[in-house]
Amino acid sequence: MNHLLFDVRGLKLHALERGQGEPVLLLHGWLDHAHSFDLLAPLLSGRTVALDFRGHGDSQWVGAGGFYHFLEYVADLDEVVEQLSPLAPIRIVGHSMGAAAGLIYAAARPGRVSHLTLIDAVPLSISAQEIPARLTSYLADLRKTPRKRRRVDSVEDAAERLLRNNAALSGAAAQLLAEHGVSPDPEQDGMLAWKWDPLLRAHSPLPVTEEAVQLICAQATAPMLAIRGEKGMLAPEGELRARFPHLKLSVQTIPGTGHHVHLDAPEEVARLIAAP
């Protein structure tokens, strides 16, 4: 496993590279990190590159006065793809927020994605009527959200917090996410703290409406595989097809799995991705 750094408009984004051959870009979920693919990546063919989104894992935080708008993840993805595979379209495997960013990117740059795997997520949206309240929440969050990393007592404490927030998460998955999700914080006497930027938890003032999602996603041309966790967050197949009738979509559900399907059943996810 190699550690890579992508310079994206001056922001250093970290990634984990395994294998050789055609690149497969792996995109994690909100507040997760590149190591969330540690069980799946070794099972995939080719060269896998698991990216840490800005403000997550071992990637840089945005500077003073910056923020984390969802579409900035898509813009970062555009530059990373350009550096990874400038001459050929690339395969993308995304989980949760990474799946949503991958789908928006595949629609915005249809010639740059050869295949997209959506692990238990598609883009979220809100109604236009909700935007005024979100703007108020955004302003309030900017005032009250400190940039100091949130401390934990131990890796075990971090894993327990993850389990409290996500009852469907397995103990082994929580342990893996916790082990790579915390590190000593030199600004807090070396105490363990979450790696992610606390500003990630602030409300976005510019959420994407359903009308915008529909107009954007209708431009996607790549074949797609949606992998649902039986106890996950992705809507049933019928609802997915009704919401996204233009997508070239195959849908598979893995029994007994939650939202982190790729941690609950990595072998089955890898088999589905490799299937013709």
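Eigenvalues of the Cα gyration tensor times 5, then square-rooted: what semi-axes does that give for segment 20-81, in whole angstrom, largest first? Each step should come with its number before you reach the end.
Values: eigenvalues 114, 33, 14 Å².
For segment 20-81, the semi-axes come out at 24, 13, 8 Å.
Taking the alpha carbon gyration tensor of segment 152-222, what are the square roots of 5 times its eigenvalues, largest first, to the nearest whole Å? Present the calculation step by step, with values, prior to reporting the outcome.
On the way: eigenvalues 225, 62, 26 Å².
Each semi-axis is √(5λ); the values are 34, 18, 11 Å.
Report the net charge of residues surrounding Pro86, where surrounding means a beta-carbon distance below 13 angstrom and charges are Lys +1, Arg +1, Asp -1, Glu -1.
Working: positive: Arg109, Arg112; negative: Asp78, Glu79, Glu82.
Net local charge, Pro86 excluded: -1.
To the nearest 20 debye, what is the magnitude of the charge dipole of segment 1-119 about its Cα centre, counting +1 on the Cβ of each Lys and Arg and -1 on the Cβ of each Asp and Glu?
On the way: 8 positive and 12 negative charges, 40 e Å.
Result for segment 1-119 is approximately 200 debye, rounded to the nearest 20.
Thinking of segment 106-175 as a set of Cα atoms, what percent of all their pairs are more than 17 Å apart? Write down the numbers at each step before the final one.
Numbers: 1737 of 2415 pairs.
In whole percent, the long-distance tail amounts to 72.
Report, by chain and number, residues whose modeled amide H sits under 5 Å from the one on Val113, excluding near sequence neighbours (fewer than 5 apart, same chain).
Ile90
List every residue whose amide H lies under 5 Å from the amide H of Ser96, counting only residues 5 or more places away in sequence or on a different chain, with H placed 1.01 Å from N in the peptide plane.
Residues meeting the criterion, in which the H sits 1.01 Å from N, are Ile119, Ala121.
Sum -39500 (n - 2.57) across every DSSP H segment of at least 4 residues in the chain, then divide by the residue count to get the 222 nm mean residue ellipticity, nearest 500. Can you show the working numbers first?
Details: 9 runs with 91 residues, N = 276.
Roughly -9500 deg cm²/dmol at 222 nm, from the helical runs in the chain.
Considering only the other residues whose Cβ falls under 13 Å of the Cβ of Gly46, what net charge follows from Lys and Arg at +1 and Asp and Glu at -1? If you can, show how the numbers build up before the last one.
On the way: positive: Arg18, Arg47, Arg91; negative: Glu17, Glu22.
Neighbourhood net charge equals +1.
Can you give the Rg to Rh ratio for segment 65-110, taking only C-alpha atoms and Rh from Kirkwood? Each step should come with its number before you reach the end.
On the way: Rg = 10.9 Å, Rh = 11.1 Å.
A ratio of 0.98.
So how far, in whole Å, is the C-alpha centre of segment 174-188 from the one of segment 61-95?
Result: 24 Å between the Cα centres.
Of the residues Leu13, Leu43, Leu77, which exhibits the maximal mean-square fluctuation in a Gaussian network model of the chain defined by a 10 Å Cα contact cut-off?
Leu43
List, in order, the whole-Hz ³J(HN,Hα) value for each residue of segment 145-151 obtained from phi through the Karplus relation with A = 6.51, B = -1.76, C = 1.60 and θ = phi - 60°; use x for Gly and Pro.
8, x, 8, 5, 4, 7, 7
Taking springs between alpha-carbon atoms closer than 10 angstrom, which of Arg243, Arg143, Arg112 fluctuates most in the Gaussian network model of the chain?
Comparing Arg243, Arg143, Arg112 in the GNM, the peak value goes to Arg143.
Using Cα pairs under 8 angstrom and six or more residues apart, how large is the relative contact order of segment 198-267, in percent? Don't jump to the answer; show the numbers that get you there.
On the way: 70 pairs, mean separation 24.4, N = 70.
Contact order relative to length: 35 percent.
Using only C-alpha atoms and all pairs of different ones, pull out the Kirkwood radius for the chain in Å with one decimal.
Values: mean 1/r = 0.0523 Å⁻¹.
Mean inverse Cα-Cα distance, inverted, gives 19.1 Å.
How much space per residue, in cubic angstrom, does the convex hull of the C-alpha atoms of segment 229-276 take up? Before the final figure, lay out each step's value.
Working: hull volume 3.5 nm³, N = 48.
Cα-based convex hull of segment 229-276, divided per residue, equals 72 Å³.
Could you work out how far apart the two model spin labels at Thr136 and Gln83 are, taking each label as a point 7 Å from the Cα in the direction of the beta carbon, and quote it in nm?
Once both label points are built, they end up 4.1 nm from each other.
Run through the DSSP bridge list for the chain and note the antiparallel percent, rounded to the nearest 5.
Values: 16 of 43 bridges.
In the chain, approximately 35 percent of DSSP beta bridges are antiparallel ones.
Calculate log10 I(q)/I(0) of segment 76-212 for q = 0.09, 0.20, 0.21, 0.22 Å⁻¹, where I(q) comes from the Debye formula with a single equal point scatterer on each Cα and nothing for solvent.
Reported log10 I(q)/I(0), two decimals: -0.40, -1.19, -1.19, -1.19.
In Å, what Kirkwood hydrodynamic radius results for segment 124-276 from the alpha-carbon pair distances? Numbers along the way, then the final one.
Values: mean 1/r = 0.0539 Å⁻¹.
Computed over Cα pairs of segment 124-276, the Kirkwood hydrodynamic radius comes out at 18.5 Å.
Report, by chain and number, residues whose modeled amide H sits under 5 Å from the one on Thr145, excluding near sequence neighbours (fewer than 5 apart, same chain).
none
Given the C-alpha atoms of segment 19-128, compute the convex hull and give its volume per residue in Å³.
Details: hull volume 12.2 nm³, N = 110.
Once divided by residue count, the hull of segment 19-128 is 111 Å³.
Using a Gaussian network model of the chain whose springs link C-alpha atoms within less than 10 Å, name the residue from Ala128, Ala226, Ala99 with the highest mean-square fluctuation.
Residue with maximal mean-square fluctuation among Ala128, Ala226, Ala99: Ala128.
Readers should treat all values here as calculations from the given coordinates under stated rules, not as data from a laboratory. Keep in mind it's a predicted model, so treat the numbers as computed, not measured. Ideal geometry is used to build each Cβ from the backbone, glycine not excepted, and the neighbour counts take in all protein chains shown.
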